[in-house]
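The values are calculated or read from the model by the stated rules, or taken from the named source; none is laboratory data. Keep in mind that what you see is a predicted model, and the values were worked out from it rather than measured. Here the Cβ positions follow ideal geometry from the backbone for every residue, glycine too, while neighbour counts run over all protein chains shown. Heads up: the accessible areas ignore ligands, DNA and RNA and are worked out on the full protein's heavy atoms, side chains in. Shrake-Rupley method; radii C 1.70, N 1.55, O 1.52, S 1.80 Å.
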Amino acid sequence: MARIVVDPVTRIEGHLRIEAQVENGKVTDAWSSGTMFRGIELIVRHRDPREAWLWTQRICAVCTMVHALASVRAVENALDIEVPDNARLVRNIISASQYIHDHVVHFYHLHALDWVDVTGALKADPAKTSQLAQSLSEWPKSSTTYFRGVQQRVSRLVASRQLSLFTSGYWGHPAYRLPPEADLMAVAHYLEALEFQREFIRIHAVLGGKNPHLQSFLVGGMSTSLDPNEPQAPLNPERMDFLAQVAQSAKTFVDQVLMPDVLAVAGFYPEWFALGRGPGSYLSYGAFPQGGIRDTSLYFLPRGILLHEDLSRVHPVDPEKIAEYVTHSWYDYREGDQVAKPPAEGETNPRYSGPRPPFAFLNVEEKYSWLKAPRYDDQVMEVGPLARVLVAYAAGMTEMKTAVDGVLAHFKAPPAALFSTLGRIAARALETQLLANHIVGWIGELRNNMQSGKLAIHNGEKWEPATWPASARGYGLFEAPRGSLGHWVEIENQAIKNYQCVVPTTWNAGPRDVHGHRGPYETALLGTPLADPERPLEILRTVHSFDPCLACAVHVLDAQGQVRGRAEART
Amino acid sequence: MALHEPLPEALEGRGISRRRFVRFCSAMVGMLALPEHYVGQVIQALQATHKPVLVWLEFQDCAGNTESILRSADPPVAEVLLDLLSWEYHETIMAGAGRQAEAVLERVMAQDTGQYIAVVEGSIPTAEGGVYCTIGGRTALDIARQVCSHAAATIAVGACAWDGGLVRADPNPTGAVGLEEAVPGIKVVNLGGCPHNVANTAAVLVHYLTFHEMPALDQFHRPLFAYGQLIHDQCERRAHYDAGEFVEAWGDAGSRKGWCLYKMGCKGPDATYNCPTVRWNSGTSWPVKAGHGCIACASHRFWDTMSPFYKPLPSVPGFGVDVSAEEIGWGVVGGVAGLTAAHAIGSALRRKAGGPEGGAAPPPEKPA
């Protein structure tokens, strides 16, 4: 029996460490640890709640904008502000483009190298690669000459022995199984996707001034005023055309490159439909309002909970049932580490009790992570694209049902196959396609509003702090690309009294709770086969299938108003 | 190293036409504000240079500077990452993890010591012996010291690596600092901004590859070509400021006409950066164009010194103490540069008294 450590887990956002117990070539136990802490919720206290979104957006830039949106929603909820329809639409377009960008980058640049051997591409026949590509898709970059060029480029990198990002890869690992032609096609698309993502996210530059870290959110709406007749308006007919064009190009890329690639790669690894099974319960807050924010029944992606892999019943979500444990996290609760505390009354006293660095292993019997362990009604929940797709599927959303059933038929697999590593990957791709179809419609709605003179973009009734009550509490929920995100805010005397975030990767990557129940990563890794424990590629496959974002996951709040200052933290 | 591939071959290998390459070099010379005759030198240098190794370290970060690199248009991102340099260590995007990743860093330290470029993203926590950020069981501080003190050149990208950024903002729960403070004695080029703008970073890398030294720096060790000019002076809405045309409320008629955002809290009159001219995402836009004020994200300790972000800058010197944004209109032109020492102090005092850091002090002048 051996303990292996993967630290740093790369091709993720942030700092994640996995320790795993391995017996007879299989993972028998696993521990997930977040190893970085900043304390952003402490830093926003006493500041103007209208600017909290600028601060909290910096929790993460891979998931840029998601914290900005959750933050303005939390403050709007606390102050009872409804945003104009145009602000809803701009937010939906920004969010949908974030999904598409994030999911494409995840598949090609963060995940593909777990399945694709870059050096395998050297052995490919470019003509056969061209045939393969043309059999899968109408994407025009598919000629023999094109693939020969890509192959020569890889070959020069390898010959120079300066492989840059590919230097440290697992090339030649026995778990790689793509034929060389598929390797070459995937490497070509890795490079194309680098350029695609840069061009596509210019949507955010138009709607947010820049990406990452957009700068157009406002409590009460957005700053992107629109006008059909003003050339200097942030949004005018010319810029609407640009948005529509770029959105259309995304639909083409997703339909003709991403989706066929995901199906093709998955086809060579069918056993991963049976590996990486998570805790079995799934949470989605729902996303993309099609009416008021409170009208959750009109959300484009539905809200709900599934329990114990049962797709026959969608349970309602009650935010009051969310609570977090710190039993195995580097924090203390005043009432002891056995209790779970809801975010609105959360409390965090960072108290590192791990080994002094440098260290070889964590003490996993005790506390071992900067992540807390969130639970819903005391149950472990998986969040993310798979959760959203399953909730939508179980809720009977026609478009989703058709898409999911199509993929299942393609693989001749039952719905239970989705509770897996490949299930997460397939769900992410399906969701990308769904949103690439719909973003064009939201841009059209925005344009129609503009043309018909419906120009309101901000509700300023409560912009001035003098209009606020002496104290107020609120929360903002959103489905970030990586899963369920909530911000909780308490405002007192026109300033933030308390702030708390419960974030997708905290749900998925969190440690064990008081009952010893593993977090989703820890559960999903059980039974993972390792062909070569010195090069634990298979662990990366399952961990990456969740799309970890650790910067998001670590957070802190002390609801009782006791700021742990630097001097104290240093003792 | 003999194994390193010379650039001309690399250029051919990726099908880059000479015309495009020359155009790129000319653009870089323009960006760096160099005399035109340097174009030839840049072309020659890039063609003659072997690919230097680059290692990119991430500490208390949000990966915003990594994401910004992925937005590089000129040179295209794939060339930056694979061809211009040998981009060997970068946790967010590198192929290997765990031992395989650590081995790269060890090899670079052993084989390329004194020759590689180190880039740092994120602040470095110093409280509690650095336990607030560990990688492979080692503290960020330990890694930064080791890697940066053996580099040929070190670049701090983004606000956090420069001066501690948001993580260092009051009350700085983790004792976060920027790279220069964490590892005293090393030479660092600071590319502030939240995040850094990849157009500037690419220019700095090209300058280094050409001249084997960094471009001219200001007192904060930021390249003058990018951080030397006031945003207000480069702003496309400047004429509206001069004409007294201001956005008075979000979404109002002025906001639809692209009027000045001064009264909505824009910090452009007190911030330097080439943001309005270089813009973001292949030159597509920048915050003011999207209707929101500048937050001075490339200014020193901006999170504390420039917030609250929706409060208009204080009165303009030379117009009497009571002239405020409300009264500024016709006839009040220019002259607002550098007025905000007072603003910074005001912001610091706004923070609760007696905080662990006593609020943020205005930035001390550093020796050049």
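All conditions in (1) hydrophobic (A, V, I, L, M, F, W, C); (2) under 15 Å from B:Gly136 (Cα atoms); (3) more than 7 Å from chain B (Cβ to nearest Cβ) hold for A:Val22, with the sole exception of (2). Quick check, is A:Leu386 open to solvent by less than 10 Å² (accessible area, probe 1.4 Å) and under 30 Å from B:Lys257 (Cβ atoms)? When the stated conditions are applied, A:Leu386 does not pass them.
Set side by side, the residues A:Tyr282, A:Tyr299, A:Tyr269, A:Tyr331 differ, and just one is within 21 Å of the chain's Cα centre (by Cα) and open to solvent by less than 10 Å² (accessible area, probe 1.4 Å), which is A:Tyr282. Taken over the range A:122-150, the criterion of being within 11 Å of chain B (Cβ to nearest Cβ), open to solvent by less than 40 Å² (accessible area, probe 1.4 Å) and not aliphatic (A, V, I, L, M) is satisfied by A:Gly149 alone. Within the range A:130-143, the set of residues being touching a residue at least 40 places away in the same chain (Cβ under 8 Å) and either touching a Ser or Thr at 6+ places or on another chain (Cβ under 7 Å) or part of a loop (DSSP other than H, G, I, E, B) (or both) comprises A:Ala133, A:Ser137, A:Glu138, A:Trp139, A:Lys141.
If you go through the range B:120-147 and keep only what is touching a helix residue (DSSP H, G or I) at 6+ places or on another chain (Cβ under 8 Å) and farther than 15 Å from B:Val177 by Cα, you end up with B:Thr134, B:Ile135, B:Gly136, B:Gln146, B:Val147. Criterion first (open to solvent by less than 10 Å² (accessible area, probe 1.4 Å) and more than 28 Å from A:Tyr475 (Cα to Cα)) does A:Thr56 satisfy it? So A:Thr56 does not fit the description; no. Applying the set (1) touching a residue at least 12 places away in the same chain (Cβ under 8 Å); (2) away from every other protein chain (no Cβ under 14 Å); (3) not in a strand (DSSP E or B) to A:Ile305 leaves exactly one unmet item: (3).
Scanning the range A:159-191 for residues that are within 9 Å of chain B (Cβ to nearest Cβ) and farther than 22 Å from A:Glu538 by Cα yields A:Ala159, A:Ser160, A:Arg161, A:Gln162, A:Leu163, A:Ser164, A:Leu191.
The helices (runs of 4 or more DSSP H) found entirely in the range A:40-129 that carry 1 or more residues being modelled with pLDDT under 95 and under 14 Å from A:His487 (Cα atoms) are A:40-43.
Does any residue of the range A:263-275 turn out to be of a type in the set (Val, Ile, Thr), farther than 18 Å from A:His544 by Cα and outside any loop (DSSP other than H, G, I, E, B)? Within the range A:263-275, none of the residues are of a type in the set (Val, Ile, Thr), farther than 18 Å from A:His544 by Cα and outside any loop (DSSP other than H, G, I, E, B).
At pLDDT 95 or above and open to solvent by 30 Å² or more (accessible area, probe 1.4 Å), is that true of A:Ala403? Answer is yes for this residue. Against the conditions (1) hydroxyl-bearing (Ser, Thr, Tyr); (2) touching a Pro at 6+ places or on another chain (Cβ under 9 Å); (3) within 7 Å of chain B (Cβ to nearest Cβ), A:Ser32 satisfies every one except (3).
Out of A:Thr28, A:Thr35, report the one residue that is out of contact with any helix residue (DSSP H, G or I) (no Cβ under 9 Å at 6 or more places or on another chain) and of a type in the set (Ser, Thr, Tyr). On inspection, the qualifying residue turns out to be A:Thr28.
Count of the range A:194-217 residues, restricted to those that are of a type in the set (A, V, I, L, M, F, W, C) and touching a strand residue (DSSP E or B) at 6+ places or on another chain (Cβ under 9 Å), is 4. If you check B:Gly158 against the conditions, is it in contact with a helix residue (DSSP H, G or I) (Cβ under 8 Å, 6 or more places away or on another chain), open to solvent by less than 10 Å² (accessible area, probe 1.4 Å) and modelled with pLDDT of 95 or more? So B:Gly158 passes the test. Of all the residues in the range A:394-437, those that are farther than 21 Å from A:Arg303 by Cβ, in contact with a Leu (Cβ under 9 Å, 6 or more places away or on another chain) and of a type in the set (Asp, Glu) number 0. The set of residues in the range B:60-89 that are more than 7 Å from chain A (Cβ to nearest Cβ) and out of contact with any Asp or Glu (no Cβ under 7 Å at 6 or more places or on another chain) comprises B:Ile69, B:Ser72, B:Asp74, B:Pro75, B:Glu79, B:Val80, B:Asp83, B:Leu84, B:Leu85, B:Tyr89.
Across the range A:1-26, the qualifying residues are those that are over 25 Å from A:Ala112 (Cβ atoms) and in contact with an Asp or Glu (Cβ under 7 Å, 6 or more places away or on another chain), and the one among them that is most open to solvent (accessible area, probe 1.4 Å) is A:Met1.
On the given criteria, is B:Asp74 within 25 Å of B:Cys297 (Cα to Cα), open to solvent by 10 Å² or more (accessible area, probe 1.4 Å) and touching a residue at least 24 places away in the same chain (Cβ under 8 Å)? For B:Asp74, the condition - within 25 Å of B:Cys297 (Cα to Cα), open to solvent by 10 Å² or more (accessible area, probe 1.4 Å) and touching a residue at least 24 places away in the same chain (Cβ under 8 Å) - is met.
A count restricted to the range A:221-233 and to residues that are at the interface with chain B (Cβ under 7 Å from one of its Cβ atoms) and closer than 13 Å to A:Val83 by Cβ stands at 3.
Scanning the range B:256-275 turns up at least one residue that is more than 14 Å from the chain's Cα centre (by Cα), of a type in the set (Lys, Arg) and more than 10 Å from chain A (Cβ to nearest Cβ). Just one of the listed residues (A:Glu431, A:Glu490, A:Glu461) is within 14 Å of chain B (Cβ to nearest Cβ), at negative phi and among the acidic types (Asp, Glu), namely A:Glu461. Can you pull out the residues in the range A:240-251 that are closer than 14 Å to A:Ile100 by Cβ and open to solvent by 50 Å² or more (accessible area, probe 1.4 Å)? Within the range A:240-251, A:Gln248, A:Ser249, A:Lys251 qualify. Within the range A:232-249, the set of residues being assigned to a helix (DSSP H, G or I) and either touching a residue at least 12 places away in the same chain (Cβ under 8 Å) or touching an Asp or Glu at 6+ places or on another chain (Cβ under 7 Å) (or both) comprises A:Pro237, A:Arg239, A:Met240, A:Phe242, A:Leu243, A:Ala244, A:Val246, A:Ala247, A:Gln248, A:Ser249.
Which one is nearest to A:Leu390 (Cα to Cα), of the residues in the range A:403-438 that are part of a loop (DSSP other than H, G, I, E, B) and small (Gly, Ala, Ser)? Ranking the qualifying residues of the range A:403-438, first place goes to A:Ser420.
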